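The values are calculated or read from the model by the stated rules, or taken from the named source; none is laboratory data. It should be emphasised that the depicted structure is a prediction, and the values quoted were computed from it without experimental measurement. Neighbour counts run over all protein chains shown; Cβ positions are idealised from the backbone, glycine included. Just so you know, the surface numbers come from the protein's heavy atoms only, side chains and all, with ligands and any DNA or RNA stripped out. Shrake-Rupley method; radii C 1.70, N 1.55, O 1.52, S 1.80 Å.
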Amino acid sequence: MKEIFLFLHVVLATFWVGGMLFLSFVVAPYLRRHPEIMGEAFQEVGKRFSLYGTFISLFLLFITGLVNAYLLHGGFRRSIYEKLFIFLIVVGVSLAHDLWAGKKAIDSEYHRRLAKWLGIINLILSLILVYMGVRIRLGY
Ligand code: HEM
């Protein structure tokens with residue numbers, strides 16, 4: 001049971017963080033060289049990653065994270081509360097990115113830049129969440 005929930009948590013984390021890295025380093029640079037399709041492609045790719053990333057993966061990361069906390073560590077302690085706090089910021093930034101800045105980006109340069117920076121902030125915070133997960137694993 002323990003290994004199933006940790007396995008699921010790690011796979012979801014790789015989809016979420018890997019997805020953002022792929023978008024930033026592979027998809028975005030390509031689309032910037034093709035302005036004729038950039039706007040629509042960002043909307044379509046963004047909508048799909050919002051569904052599988054923000055709404056499904058983050059929700060399941062929360063559930064598997066809670067279960068990990070109880071099955072592997074007998075409940076919450078400071079390092080897990082700190083991770084949950086950062087996680088809630090990631091959820092807030094994701095919703096602002098997906099439901100507001102990202103949507104308005106198609107016809108607003110200001111919102112396009114905002115969406116870009118919200119994405120970068122979320123990538124950095126999510127890498128911090130991975131590091132916090134490793135520290136929890138090591139007993140901090
Ligand atoms: C974007 C969100 C998250 C990401 C990317 C993430 C990533 C990770 C990763 C990669 C690990 C494995 C570390 C290892 O085994 O060395 C981990 C472990 C862990 N995570 Fe998360 N996590 C996220 C959200 C959460 C949340 C919301 C909670 C709980 C409230 C949580 C609780 C835990 C716990 C308790 C462990 C330790 C499991 C162990 O002892 O091996 N995580 N996390």
Query - The listed residue being of a type outside the set (A, V, I, L, M, F, W, C) and free of Cβ contacts under 8 Å to residues at least 12 places away in the same chain, out of Gly46, Gly119, Gly139, Gly65 - result: Gly139
Requested in this report: Examine the stretch 39-50 for a residue that is hydrophobic (A, V, I, L, M, F, W, C), near the ligand (Cβ under 10 Å from one of its atoms) and under 11 Å from the mean Cα position of the chain (by Cα), and state whether such a residue exists.
Outcome: no
Requested in this report: Kindly indicate which of Ala13, Ala105 is crowded, with 18+ Cβ neighbours inside 10 Å, in contact (Cβ under 8 Å) with a residue 12 or more places away in the chain and away from the ligand (no atom under 12 Å from the Cβ).
Outcome: Ala105
Query raised in the report: Is it the case that some residue within the stretch 29-48 is touching a Leu at 6+ places or on another chain (Cβ under 8 Å) and surrounded by fewer than 14 Cβ atoms within 10 Å (Cβ to Cβ)?
Result: yes
Query raised in the report: Which ones in the stretch 69-102 are open to solvent by less than 30 Å² (accessible area, probe 1.4 Å), over 17 Å from the mean Cα position of the chain (by Cα) and modelled with pLDDT under 95?
Result: Gly75
Query raised in the report: Within the stretch 53-67, is even one residue more than 12 Å from the chain's Cα centre (by Cα) and farther than 18 Å from Val130 by Cα?
Result: no
Requested in this report: Identify the single condition in (1) in a helix (DSSP H, G or I); (2) near the ligand (Cβ under 9 Å from one of its atoms); (3) more than 19 Å from Phe49 (Cβ to Cβ); (4) not aliphatic (A, V, I, L, M) that Ser126 does not satisfy, given that it satisfies every other one.
Outcome: (3)
Query - Of residues in the stretch 12-27 being in contact with a Ser or Thr (Cβ under 9 Å, 6 or more places away or on another chain) and among the hydrophobic types (A, V, I, L, M, F, W, C), the one farthest from Ile63 (Cα to Cα) - result: Met20
**Report entry** Of all residues making up the stretch 70-102, the number that are near the ligand (Cβ under 10 Å from one of its atoms), free of Cβ contacts under 8 Å to residues at least 40 places away in the same chain and assigned to a helix (DSSP H, G or I)
**Finding:** 7
